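Below is one structure, written out as structure tokens, with a few remarks after it.
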Amino acid sequence: MVKTASFGVLHLTIAFSVSYALTGDVAISGAITLLEPLANTVAFHFFDRYWGHPVWRAGLSHVRAYLRLKPARKEVSAPAG
């Protein structure tokens, strides 16, 4: 748990530092620092919810099958000269 909490603090510090370097405004940087993890949390909720969904998994199996059946690329050698 300590590792997770310390990584969270590191993430927020980096987010604030980068946004402050780009904007030069403490208020905007603070807002970005708080909104970015919130947006990622909401996105992860939906990502995790549909990750195991049968339709999503079926779509992934088609992609995996396509990648297995796709012919390998042949190396193109440079002409001698």
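The values are calculated or read from the model by the stated rules, or taken from the named source; none is laboratory data. None of the values given here were measured: they were computed from a predicted structure.
Specify which of the listed residues (68, 57) is farther than 30 Å from residue 12 by Cα and modelled with pLDDT under 75.
On the way: 68 fails: modelled with pLDDT under 75.
Of 68, 57, the one residue that is farther than 30 Å from residue 12 by Cα and modelled with pLDDT under 75 is 57.
Go through segment 1-38 and give me each residue that's not hydrophobic (A, V, I, L, M, F, W, C) and not in a helix (DSSP H, G or I). First the steps, then the outcome.
Within segment 1-38, the first condition is being not hydrophobic (A, V, I, L, M, F, W, C), and the residues that meet it are 3-4, 6, 8, 11, 13, 17, 19-20, 23-25, 29-30, 33, 36-37.
Across segment 1-38, the qualifying residues are 24, 25.
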